[in-house]
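Remarks on the structure that follows.
The values are calculated or read from the model by the stated rules, or taken from the named source; none is laboratory data. Quick caveat: nothing in here was measured; it's all calculated off a predicted structure. When we count neighbours, we look across all protein chains shown, and the Cβ atoms used for this are built from the backbone with ideal geometry, even at glycine. Areas reflect the complete protein model, heavy atoms only, side chains present, ligands, DNA and RNA absent. Shrake-Rupley method; radii C 1.70, N 1.55, O 1.52, S 1.80 Å.
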Amino acid sequence: MNVDYVGIMHVVVLLIVLVSAYLAIKLKNLLSAVLALAVMSLLLSLEFYLLHAPDVAIAEAGIGAGLTTAIYVLAIRATRHLEGGA
Amino acid sequence: MRNAVAGVALLVMAAFLFYAAVEMHSFGSPAYSDMDDYFIENAQKETGANNVVTSIVFDYRGFDTLGEATVLFTAVAGTTAVFKKRREKK
Amino acid sequence: MIPECVIYLFLGIGLFFNFMGSIGLMRMPDIYTRLHAATKCTTFGSIFTSLAVIIYGILWWYDGHSSYAPLATHTIVALAAILVTNPTGAHAIARASHRAGVKPERAVVDRLEEVKLP
Amino acid sequence: MIGAIILTSVLAFLAWLFMTMGSGNLLYLWDLKEIYAGIFFSVVTGVVAGRFVKGKDWRMLNPARWFLFAAYLIGPFFIAMAKANFDVAYRVITGKIRPGIVRIRPNLKTDLGITMLANSITLTPGTLSVDVDENSGDLFVHWINVKNGAEEKDICDYKLVCGKFPDWIRRIAE
Amino acid sequence: MSDMSTIFLITGTLLLAYMLIGLLRLALGPTVGDRVVALDTINTLVVAGMILLGAAFKEIIYIDVAIVYALLSFIGTLYIAKYMEGGM
Amino acid sequence: MMAMSKIVRTVSNLLYFFILIFGFYIVMHGHLTPGGGFQGGAVLASAIALIIVAHGIEKAKKFYSEFSLTSCESLGLVLFISLAFLGIFMTFFYNFLSPGAQPAIPIFSTEPPLGPNLGNLNTGGVIPLMNIAVGIEVIGGLGAIVYVMFRGGKK
Amino acid sequence: MNYLYNFPFIVVAILIAMGFYAMMFKRNLIKIVIGLNIVESAVNLFLIALGYRKGAVAPIYTNAPVAKGAPAHSMVLPTPQALTLTAIVIGVATTAMILSFVVQIGKHYGTIDAKKARRLKG
């Protein structure tokens, strides 16, 4: 039996990327939206890994895991008491 | 009214994007790759680095990296200027 | 022959526990019990899948490919990182949600509620 | 201060050696250039990160403690972890839980000991460390299946919750 | 040593399927804490999957990505936890 | 500004030196394995973010200041540009240390053999040095962003 | 026919459309920045997927199992990776700058709702 497992992985990973991007736009709570964005970055890094681009995967991992979440959380903290903030 | 116009524009743009994505050359077989083949074949001889991506970033396309480093510098300077600590009265 | 069977066994155990962790994430009633399921089971499952890769790498190394040693050593580093960071992250989440006012569901006792820590 | 810098440098150099294993011919494992670079960057790391290592952690350089730690990881900790996972799998399938947060007093003094105990508790049967009292070292533990009678006492006996872990950790880290 | 890439690939695919369950919790979770738990679970699964794929592709240098993720995902969790407990 | 709990602080102190040495590993091996100045600098900046969130800004102020981080960034950029200028006798961004360079300088200029080789740190001409320069710049830049936003955005 | 036919490009198209939707119709400024971030990620994914070659390995000679003769056509294209690499780091810096502007807008106008901030001039 000759199944293209890497192809299946591409499909599943891209589907999760789509769903998490949808959640990042849809969720009302800004913190939840940032979490969904972190999941999207994580799965995007896995997709780069599957596309044989480990350099880009490390860059996306190092940026998306810590720093992007940190910056968004700090911005939300500074604006949470405002109207229109979460 | 404005929202409706914007929505129609968005739909048209999405349709064009979708059409372009479907009509692209097939995934997994890039059409033109002469320059990249040159890099792959000669990068190790010419620069002495094993990682072709790094040799492109810092050697063949060093000007790009210089520009990006400058953009990074400017962005950080902008951020620090926005959050500049106000001088407190003593 | 025997090492391959060990690798298959470890992969199977890892898959089972990762599955249990994911199911527990869905079935448990509140955040603390979900943390129980998610942290313990996924950490344990990841230990076993990583152990399978470590055995594979050591066998490869033993076959004479000396430069393939990093497959084993880097996997050990990743495993150690998971083992240190996962429970600490779980502790941070549990503490934060208790301070944010999430009560443990169906709890028979809650001593943390009584002592207000700074 | 100087001691902390040297300690951090040595630890960083060990980590560097472990990561660059298999790169050359020195002892069949390392390349000489890697070792020079490793020494340089270990010293940099020691100077930058040295002040975050407390002076008391010198005792962890004793190799006997390392062997004890390895024995602890392979022996009681791993067995308890395996038990924990079957326990959680059972509870996931059946949904039988009786949760609660109890307070235990393990009487550990050092930060490293408390941290090791809390992480061990998180990874072992049915318990999850929620908070820690900074002054007395008490741990607040979320217990997925509170034993009958344990909820009445103000400070629960630690033998019920985490077995002999505090004794092991006292031997390792204190 | 026979070729064992296929079994590693199958295991990685199944881990990806478990990620879908975590994604469901991310979508449903009533509070922010539940979503953080889902993020943590997906993190661990992705790290395990990356290690397996590195072995399956026989590219030892790919494991570095998994180490970076295992080390740094902790930092994002800490930021969100600190925001949730109101310490910031 | 509260610090986080004791457990988190201890684990952060332990992880801090490991993230640092791992970031240096990524920066140094940029021309051999995936990695380089940008990625390694991001990892090292994450270490700074870890210390800031675990100990609170009040304690982190003793170890980092905005001036030191931004001057790190400027130093990196200046190093990068001067490395580019050093090859000006041929052309800007000339790799004057590489194996094929005309006035041969026998450091960093071994031609790496094809196939598995991990330990050849002295290859690649000026690429490792540029990696280090860019790494310093990215540490300073991203660290300064997190530091400044943590300090200033409070309300 | 490959069932994976152009699927990544279609995903890129959908992601860009979603990002533009968020930028056009959401009112919260931070949500707009999130939409911008999604578009940026989609472009990165597009570039990398453009350079993918089926059955090839990463463009790194360390441990690459290539024959000595002609290694081309067995490695994925390196140039898009080199472009994307810098774009990611630049992306986080510019995102931080935009977010700091959002914080300043919030301080100045007292709201981060795009419509209200547009109405309140001065």
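A count restricted to segment C:79-108 and to residues that are free of Cβ contacts under 8 Å to residues at least 12 places away in the same chain, open to solvent by less than 10 Å² (accessible area, probe 1.4 Å) and hydrophobic (A, V, I, L, M, F, W, C) stands at 3. Regarding residue D:89, is this residue assigned to a helix (DSSP H, G or I), of a type outside the set (S, T, N, Q) and over 20 Å from residue D:121 (Cβ atoms)? No.
Scanning segment B:59-77 for residues that are assigned to a helix (DSSP H, G or I) and open to solvent by 10 Å² or more (accessible area, probe 1.4 Å) yields a count of 12.
Restricting attention to segment F:26-61, the residues that are closer than 24 Å to residue A:51 by Cα and either assigned to a helix (DSSP H, G or I) or at pLDDT 90 or above (or both) total 9.
When segment C:42-78 is filtered for residues that are in contact (Cβ under 8 Å) with a residue 40 or more places away in the chain, among the hydroxyl-bearing types (Ser, Thr, Tyr) and more than 12 Å from chain D (Cβ to nearest Cβ), only C:56 remains. Which members of segment D:106-162 meet the condition of being without any contact (Cβ under 8 Å) to a residue 40 or more places away in the chain, in contact with a Leu (Cβ under 8 Å, 6 or more places away or on another chain) and farther than 21 Å from residue C:90 by Cα? Answer for segment D:106-162, where residues must be without any contact (Cβ under 8 Å) to a residue 40 or more places away in the chain, in contact with a Leu (Cβ under 8 Å, 6 or more places away or on another chain) and farther than 21 Å from residue C:90 by Cα: just D:147.
Annotation note: of F:81, F:21, the sole residue that is without any contact (Cβ under 8 Å) to a residue 12 or more places away in the chain and open to solvent by 50 Å² or more (accessible area, probe 1.4 Å) is F:81. Looking across segment D:116-164, the residues that are facing chain C (nearest Cβ under 10 Å), part of a loop (DSSP other than H, G, I, E, B) and open to solvent by 10 Å² or more (accessible area, probe 1.4 Å) come down to D:125, D:133, D:134, D:135, D:148, D:151, D:152, D:153, D:154, D:155. Residues in segment C:13-31 that are more than 9 Å from chain E (Cβ to nearest Cβ), more than 15 Å from the chain's Cα centre (by Cα) and over 20 Å from residue E:20 (Cβ atoms): C:29 alone. Can we say residue C:106 is among the charged types (D, E, K, R), under 29 Å from residue D:146 (Cβ atoms) and not in a helix (DSSP H, G or I)? The answer is yes for residue C:106.
So that you can scan it fast, the table gives a plain yes or no per residue for (1) in a helix (DSSP H, G or I); (2) at the interface with another protein chain (Cβ under 7 Å from one of its Cβ atoms):
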| position | (1), (2) |
| --- | --- |
| B:15 | yes, no |
| B:25 | no, no |
| B:40 | yes, yes |
| B:44 | yes, yes |
| B:55 | yes, yes |
| B:79 | yes, yes |
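Of all the listed residues (F:121, F:97, F:75), the sole one being modelled with pLDDT of 65 or more and not in a loop (DSSP other than H, G, I, E, B) is F:75. Against the numbered list (1) surrounded by 24 or more Cβ atoms within 10 Å (Cβ to Cβ); (2) more than 7 Å from chain A (Cβ to nearest Cβ); (3) touching a Lys or Arg at 6+ places or on another chain (Cβ under 6 Å), residue E:29 comes up short only at (1).
Looking at segment B:30-48, can you tell me whether even one residue there is over 20 Å from the mean Cα position of the chain (by Cα), among the hydrophobic types (A, V, I, L, M, F, W, C) and either open to solvent by less than 60 Å² (accessible area, probe 1.4 Å) or over 21 Å from residue G:12 (Cα atoms) (or both)? Checked segment B:30-48: at least one residue is over 20 Å from the mean Cα position of the chain (by Cα), among the hydrophobic types (A, V, I, L, M, F, W, C) and either open to solvent by less than 60 Å² (accessible area, probe 1.4 Å) or over 21 Å from residue G:12 (Cα atoms) (or both). Quick one: would you say residue B:74 is among the hydroxyl-bearing types (Ser, Thr, Tyr) and in contact with a Gly (Cβ under 9 Å, 6 or more places away or on another chain)? Taking the combined requirement at face value, the residue does not satisfy it. Screening residue G:117 with (1) closer than 30 Å to residue B:64 by Cβ; (2) in contact (Cβ under 8 Å) with a residue 60 or more places away in the chain gives one miss only, at (1). Flag: residue D:68 does not match the condition of being assigned to a helix (DSSP H, G or I), in contact with a Leu (Cβ under 8 Å, 6 or more places away or on another chain) and more than 9 Å from chain C (Cβ to nearest Cβ). Among residues of segment D:70-95 being touching a residue at least 24 places away in the same chain (Cβ under 8 Å) and under 13 Å from residue C:33 (Cβ atoms), the one that is least open to solvent (accessible area, probe 1.4 Å) is D:88.
Screening segment F:1-18 for residues that are within 7 Å of another protein chain (Cβ to nearest Cβ) and over 15 Å from residue D:46 (Cα atoms) and picking the one that is most open to solvent (accessible area, probe 1.4 Å) gives F:2.
A single member of D:167, D:133, D:157 is closer than 27 Å to residue D:61 by Cα and in the same structural domain as residue D:72 (by TED's automatic domain parsing), and it is D:167.
Note on segment A:11-24: among residues that are surrounded by fewer than 21 Cβ atoms within 10 Å (Cβ to Cβ) and within 7 Å of another protein chain (Cβ to nearest Cβ), the one that is farthest from the chain's Cα centre (by Cα) is A:11. Restricting attention to segment G:51-93, the residues that are among the aliphatic types (A, V, I, L, M) and modelled with pLDDT under 85 total 10.
Condition check for residue A:38 on (1) within 13 Å of the chain's Cα centre (by Cα); (2) open to solvent by less than 10 Å² (accessible area, probe 1.4 Å): one failure, at (2).
Just to be sure, is residue E:53 open to solvent by 10 Å² or more (accessible area, probe 1.4 Å) and either part of a helix (DSSP H, G or I) or in contact with a His (Cβ under 9 Å, 6 or more places away or on another chain) (or both)? For residue E:53, the condition - open to solvent by 10 Å² or more (accessible area, probe 1.4 Å) and either part of a helix (DSSP H, G or I) or in contact with a His (Cβ under 9 Å, 6 or more places away or on another chain) (or both) - is not met. The residue that is least open to solvent (accessible area, probe 1.4 Å), among those in segment D:96-115 that are in a helix (DSSP H, G or I) and farther than 20 Å from residue D:159 by Cα, is D:112.
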